[in-house]
Each structure stands twice: as C-alpha cells, then as structure tokens.
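A short worksheet on the structure shown next.
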Amino acid sequence: MGRAKKVVLAYSGGVDTSVCIPYLKHEWGVEQVITLAADLGQGAELEPVKEKALKSGAEISLVIDATESFVRDYAFPAIQANALYENQYPLSTALARPLIAKLLVDAAEKYGADAVAHGCTGKGNDQVRFDVSIAALNPNLKVLAPAREWGMSREETIAYGERFGIPAPVKKSSPYSIDKNLLGRAIEAGPLEDPWTEPPEEVYEMTRAIADTPDQPEYVEISFEQGVPVGLNGAVLNPVTLISELNEMAGRHGVGRIDMIENRLVGIKSREIYETPALSLLIQAHRDLESLNLTADLIHYKQGIEETYARLIYNGLWYSPLRDALDAFIQKSQERVSGTVRLKLFKGHAMVVGRKSAYSIYSPDLATYGANDQFDHKAAEGFVYVWGLPTRVWSQKVSQ
Ligand code: ARG
C-alpha cells in the first residue's frame, strides 16, 4: 500500500521536482502523478517544462497561466495592506504560494487525486505555506513532500534522476537558489550566505547596477482606484501590463533592490536578496496616497494591521479567518484611496514628488503659512493646556 494513489505535484521543471516524479512512484507507491506548472509571469517557456514532466514519468502534465489572478487576487490586496515583512520584503515569493496551493487543490479535485505534493525541503517557509494553504482549502487531501524526507544530497538527487532518464543540469549549476515570478526575484545561498559579503552584480536580473542607470531622472505617475493600481502616466492598464511596465521602468533606474537578514518561520535567519521593482514602488506610492486621503487615526491604526497582515502572508496563513477579518477592515479603509502619485526614479532611488486626489483631505487653508490661514490659533492654546496637563502634573510631583 502506497501513501497515495493519485497525486498532483507542483512542478517547476527543475531537478528536484522532476526527481519527485519517479520517487513518488517507485519509493512511495504512487500510481499516477499529475504535474502542475503554474505560469506566474516568471518569463520561462513552459512548453518544454510540460514535456519534461511527461518524459520524467508523469501521466498528465498541466500548465496553467495564473498571472492575472496572481496580480489581481494576491498582489493587489497586499499592496492595499502596504504589506512588508520585517519592514522590507514585499512578499513576492510568499504571495505566490497560496495561489499555487489553490491550483493544486483545484486540480486534485478535478482529477480525483487523493494527495498533493511539492518539492520543498524542511528548512524553508514555502513548505509551511503549501501545507497550511492546502489544508485550509481541502483538509481531506494528503500533502506529500518527498524532498523533506528523502535525505539525498544534490549529487545523489541528480544520480537518482539519471536512473529514470532525468538529465543532469547541462550548465554548471549556479551557486544561488532563485525564485522568480512577475512580482520579483528572491536570491539566496552561495556567496550570499556570508552576511558581510556584498551581493555580486550577477545575482540581479530585473534591476540595473547604479553605474548603468540613466543619467536623467524619469517620472512616473501611478493612479489608484480604491487602493488598487489602475494606470501609469495617465493610461489605464490591465494588472499584468501595469506590473510589467513598472518593473521595466523602475528596474532601468536600479530601483527595488533589497538586501536583508530575514527571520524565517522555522527559526532560521537567512540572508536574502530581492529585487521587486514594481511591487516596492507600488507600496511606496499607495502609502503616500493614503497619507493624503485618510485621517491620521485611521492611518496609524492601519499600520498595526499592515504589520500583522504581512506576517500572516509570510507565515502561510493566507487562507485564514484572520486574513478574512483583516481584509474586511482593509477594504473598508480603501474606499477613498483613489488618486495619482508622482514619483521620480533616479540612480537606485524612488522619491514621491507629488500626489493629487479628488478625495484629498489635505487642506491648504489650514496648512498654509500665508495670510489666508484659516486655522484658529487661539483655540490651540486651550488644547495645548489640556493636552499637556498630565505631563505638567507629573512634573510638579516628581520635582517636589
Ligand atoms: N525567503 C523568501 C520567502 O520566504 C523567499 C524564498 C524564495 N526561495 C529562494 N530559493 N530564494 O518568501
């Protein structure tokens, strides 16, 4: 008796997920493997990936383009939440996992599979995100993670694959572990494991080195409707085009690089390099528009929600009652977050230089230092007296 009869496997075309196919069948007695490769705008040709799965022994090989849903249903809510894990990482990889989990579960249900599988090891966050998301979507499905259990080294994995006709990687494999999708790239391992070592320029792909960026700044106007990015420079764009164009633009100016020491859920600190040009810029612009349109207390309260929201995405709780509840708050808060933000991109830096909105609650009459000032200065005196009263009383007491 095997662990499962029919399995849907998350498939990338790499050595590890390819080896999962014979491994599931020969070691774990799986009868039928259905692979699923998701197109999330990573820019890789997926037709060869589809073929490779079949050559590696899969009975059915699925390729699903989910790029639009990725942006609309996962990235945009995260932008509305200004979600940055540990204040820096805009969750480009983390957001892809619940979507892939959903595709896997849908396929398992469609094809009558009794399990879902992925190629994650036991050291990362992604295993958590897959396992928990799958459990949330269909608690009756088993989750198999061969690479978490097989205990093979890289060389042993390649050798195992060769026995089943899975070719060893042709080019000398890069020292880096890279995850890529439309929202960005995450790079780790190799020389990056030393936190003191500056990332070699070769790790970057979406963003230029400052030395190669244009000597003239470029301006971009980003428009939002209820917190959702809808246009660039006055042109309304579909979600995928908007992200692609902004990646291009920001990347050209070297904007969107992150180098951080990050705390994984499994207790390990890891050194991560990210490049997330569009996503970083969109969060920066969105936050700025909120500062124009929302009240101070709402902005301040929302900051706590944002931190929690980022952490729950990172920790694999996308499908959770907590996210449902926070989403209700965030959606309500976005009703008047419509308008346009103007940014200047130059030499690795993005700076907001203007914002406008029909819903702006910025009042020039109150803010001005000029003669048309409408602010009641006398009223301030009583306010400050009452505001400072507890401090005054305290001070009198301790100085006695
Ligand atoms: N540390 C990031 C996360 O947990 C990205 C991991 C991506 N994987 C990689 N091989 N670089 O979301």
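The values are calculated or read from the model by the stated rules, or taken from the named source; none is laboratory data. The structure displayed is predicted, hence computed values, not measured ones. Positions of Cβ are backbone-derived with ideal geometry, glycine not excepted, and every protein chain shown enters the neighbour counts.
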Close pairs from region 21-50: first of a type in the set (Asp, Glu), partner in a loop (DSSP other than H, G, I, E, B), Cβ under 7 Å, at least 6 apart: Glu31/Lys5; Asp39/Leu46; Asp39/Ala66
Flag if Ala38 is out of contact with any Cys (no Cβ under 6 Å at 6 or more places or on another chain), modelled with pLDDT of 95 or more and not in a helix (DSSP H, G or I): yes
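Being among the small types (Gly, Ala, Ser), within 17 Å of the chain's Cα centre (by Cα) and either within 16 Å of the ligand (Cβ to nearest atom) or at pLDDT 95 or above (or both) is true for just one of Ala310, Ala296. Which residue is that? Break it down stepwise before answering.
Details: Ala296 fails: within 17 Å of the chain's Cα centre (by Cα).
Result of the check over Ala310, Ala296: Ala310.
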Index of the failed condition, Lys110 passing every other in (1) without any contact (Cβ under 8 Å) to a residue 40 or more places away in the chain; (2) surrounded by fewer than 18 Cβ atoms within 10 Å (Cβ to Cβ); (3) farther than 19 Å from Asp65 by Cα; (4) more than 16 Å from the ligand (Cβ to nearest atom): (3)
Qualifying residues in region 122-153 (those that are surrounded by fewer than 16 Cβ atoms within 10 Å (Cβ to Cβ) and within 16 Å of the ligand (Cβ to nearest atom)) - the one farthest from the chain's Cα centre (by Cα): Gly122
Residues of region 190-239 that turn out to be more than 22 Å from Phe76 (Cβ to Cβ), of a type in the set (Phe, Trp, Tyr) and surrounded by 11 or more Cβ atoms within 10 Å (Cβ to Cβ), as a count: 2
Subset of region 184-215 [under 24 Å from Leu40 (Cβ atoms) and β-branched (Val, Ile, Thr)]: Ile187, Val203, Thr207
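Within region 367-382, count every residue that is exposed (fewer than 11 other Cβ atoms within 10 Å of the Cβ) and either closer than 23 Å to Ala296 by Cα or not aliphatic (A, V, I, L, M) (or both).
Just the residues of region 367-382 that are exposed (fewer than 11 other Cβ atoms within 10 Å of the Cβ), to begin with: 369-372, 374, 376-379, 381-382.
Restricting the remaining residues to those that are either closer than 23 Å to Ala296 by Cα or not aliphatic (A, V, I, L, M) (or both) gives 369-370, 372, 374, 376-379, 381-382.
Qualifying residue count for the region: 10.
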Which numbered condition His118 fails, given (1) crowded, with 16+ Cβ neighbours inside 10 Å; (2) within 16 Å of the ligand (Cβ to nearest atom); (3) within 30 Å of Ala250 (Cα to Cα): (3)
Subset of region 234-273 [among the small types (Gly, Ala, Ser), within 16 Å of the ligand (Cβ to nearest atom) and in a strand (DSSP E or B)]: Ser270
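With the structure loaded, tell me whether Ile134 is β-branched (Val, Ile, Thr) and closer than 29 Å to Pro98 by Cβ or whether it fails that test.
Numbers: β-branched (Val, Ile, Thr): yes; closer than 29 Å to Pro98 by Cβ: yes.
Yes: the conditions hold for Ile134.
Could you list, in sequence order, all residues of region 171-226 that are assigned to a strand (DSSP E or B) and over 27 Å from Ala83 (Cα atoms)? Talk me through it step by step, then tell me what you get.
From region 171-226, those assigned to a strand (DSSP E or B) are 177-181, 184-188, 218-225; that's our starting set.
Result: no residue meets the conditions.
Could you tell me whether Ile178 is within 25 Å of Ser56 (Cβ to Cβ), away from the ligand (no atom under 14 Å from the Cβ) and surrounded by 13 or more Cβ atoms within 10 Å (Cβ to Cβ)?
Values: within 25 Å of Ser56 (Cβ to Cβ): yes; away from the ligand (no atom under 14 Å from the Cβ): no; surrounded by 13 or more Cβ atoms within 10 Å (Cβ to Cβ): yes.
Taking the combined requirement at face value, the residue does not satisfy it.
Go through region 15-35 and count every residue that is closer than 21 Å to Pro167 by Cβ, aliphatic (A, V, I, L, M) and either at pLDDT 95 or above or part of a loop (DSSP other than H, G, I, E, B) (or both).
As a first pass, look at region 15-35 and keep what is closer than 21 Å to Pro167 by Cβ: 15-27, 33, 35.
Among the residues that remain, those that are also aliphatic (A, V, I, L, M) are: 15, 19, 21, 24, 33.
With either at pLDDT 95 or above or part of a loop (DSSP other than H, G, I, E, B) (or both) added as a condition, the list becomes 19, 21, 24, 33.
Of the residues in that region, 4 qualify.
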